[in-house]
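Notes follow once the structure below has been shown.
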Amino acid sequence: MLFRSWKLILNKITWEINNAFHLDQWCLLFHLGQDRSPATSFHRFKRLLPPKDRFWADPHVLHRNGRYYIFFEELLYKDNKGFISLIELDEKGNATPARTVLERPYHLSFPFLFESGQELFMIPETHANRSIELYRCAQFPDQWTLAQTLIGGVNAVDTTVWQEGETYYLFTPLQRQEGSADHDELHIFFADKLTSSEWRPHPMNPVVRDVKTGRQAGKMFRLNDKLYRMAQDGSKHYGYCMHLLEIEKLSKTEFREKKVDTVLPQWAPDVIATHTYNHVGQLTVIDAMIRRRK
């Protein structure tokens with residue numbers, strides 16, 4: 001018992017010394033190339049590092065007019081309230097400085113992007129306002145207006161939408177119970193149009209009840225005629241890693257998926273976690289928590 005006590009004390013001292021000289025910070029990483037597999041070699045990715053007084057996370061991407069647009073959560077540690085920012089990349093990977101494109105009185109993160117017809121929409125995470133909010137792009141890329149509240153009175157995080165035929169499916173992890181910090185139960189709602197205010201719950205809800213796969217980690221996508229989604233695994237700690245899941249069945253009455261791969265934060269010694277993956281055109285972008293010297 002004495003040995004174990006000393007070991008715990010030494011571990012605590014080591015942790016405090018380490019934290020005195022280092023910070024754990026979310027940053028963005030990107031790669032321009034043909035390979036779009038989520039299990040690609042992330043050590044080749046280039047880093048976009050934020051100033052040390054903030055973090056960048058939850059990247060979502062668009063490709064327009066020969067340029068890539070990375071929308072992401074930016075959070076200053078002193079304020080502890082996220083807002084949505086933008087970095088532009090050219091085809092060679094040259095990046096512009098980050099600039100704010102959407103800020104509200106409450107926390108914003110995970111800026112999911114969805115194109116419908118000629119319009120561009122964003123569903124940022126707005127759980128602090130107990131709602132799922134849809135924003136319309138009034139002027140690309142940096143002017144956004146609230147179009148409507150899709151679902152109110154819910155504590156939802158990391159919402160995404162997928163269109164299958166004439167049906168829109170809204171995937172969102174909901175708070176397990178009032179006051180809980182857990183969002184590991186994935187729910188599906190569906191409607192006949194994106195701007196509906198009457199989203200119907202899927203009869204199998206929650207379709208996933210698992211801390212390893214219940215929370216979204218990016219936009220769903222098709223690859224080789226198969227539908228996939230990325231899920232973040234918080235079993236070890238928040239945002240630890242990601243799993244690639246193939247959706248085998250999606251309808252108004254059925255849902256079935258299977259895990260096919262895992263992305264672990266092991267490609268560099270300073271990487272602690274990774275919890276968002278998105279791809280468009282030649283660009284793949286992820287986020288990672290790194291241990292960085294203060």
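The values are calculated or read from the model by the stated rules, or taken from the named source; none is laboratory data. Quick caveat: nothing in here was measured; it's all calculated off a predicted structure. Neighbour counts are summed over all protein chains in view; Cβ atoms, including those assigned to glycine, are modelled from backbone coordinates with ideal geometry. For accessibility, only protein heavy atoms count, side chains too; no ligands or nucleic acids. Shrake-Rupley method; radii C 1.70, N 1.55, O 1.52, S 1.80 Å.
Scoring Glu73 on the criteria (1) within 21 Å of Met230 (Cβ to Cβ); (2) open to solvent by 50 Å² or more (accessible area, probe 1.4 Å) leaves a single failure, condition (2).
Among the candidates Thr195, Thr213, the residue that is polar (S, T, N, Q), touching a residue at least 60 places away in the same chain (Cβ under 8 Å) and in contact with a Leu (Cβ under 9 Å, 6 or more places away or on another chain) is uniquely Thr195.
Going by the structure shown, is Lys259 within 17 Å of Phe72 (Cα to Cα), among the basic types (Lys, Arg) and modelled with pLDDT of 95 or more? Don't jump to the end; show me each part of the working.
Numbers: within 17 Å of Phe72 (Cα to Cα): no; among the basic types (Lys, Arg): yes; modelled with pLDDT of 95 or more: yes.
No; evaluated as a whole, the condition is false for this residue.
Of all the numbered requirements in (1) at pLDDT 95 or above; (2) over 26 Å from Ile84 (Cβ atoms), Pro141 misses one, and that requirement is (2). Considering Lys259, Lys236, Lys219, the condition of being in a strand (DSSP E or B) and either under 16 Å from Asp287 (Cα atoms) or open to solvent by 40 Å² or more (accessible area, probe 1.4 Å) (or both) is satisfied by Lys259 alone. Considered as a group, the residues in the stretch 27-42 that are modelled with pLDDT of 90 or more and not aliphatic (A, V, I, L, M) include one that is farthest from Gly239 (Cα to Cα), and that residue is His31.
Of the residues contained in the stretch 194-210, none is found to be surrounded by 20 or more Cβ atoms within 10 Å (Cβ to Cβ) and among the small types (Gly, Ala, Ser).
Per the conditions (1) open to solvent by less than 80 Å² (accessible area, probe 1.4 Å); (2) in a strand (DSSP E or B); (3) farther than 28 Å from His127 by Cα, the sole criterion not satisfied by Gly93 is (2). Taking into account only those residues within the stretch 128-143 that are part of a strand (DSSP E or B) and open to solvent by 60 Å² or more (accessible area, probe 1.4 Å), which is nearest to Phe114 (Cα to Cα)? Per the stated criteria, the residue is Arg136.
Selection of the stretch 96-111 for residues being open to solvent by less than 10 Å² (accessible area, probe 1.4 Å) and under 21 Å from Leu29 (Cβ atoms) yields Ser109, Phe110, Pro111. Inside the stretch 239-256, can you point out the residues that are open to solvent by 10 Å² or more (accessible area, probe 1.4 Å) and assigned to a loop (DSSP other than H, G, I, E, B)? Hits for the stretch 239-256 are Tyr240, Ser251, Lys252, Thr253, Glu254. Within the stretch 47-67, the set of residues being open to solvent by 70 Å² or more (accessible area, probe 1.4 Å) and of a type in the set (Gly, Ala, Ser) is empty. Among the residues of the stretch 184-232, the ones that are of a type outside the set (Gly, Ala, Ser) and under 15 Å from Glu164 (Cβ atoms) come to 19 in all. When Leu146, Leu186 are checked against the criterion of being closer than 19 Å to Thr276 by Cβ and assigned to a strand (DSSP E or B), Leu186 stands alone in meeting it.
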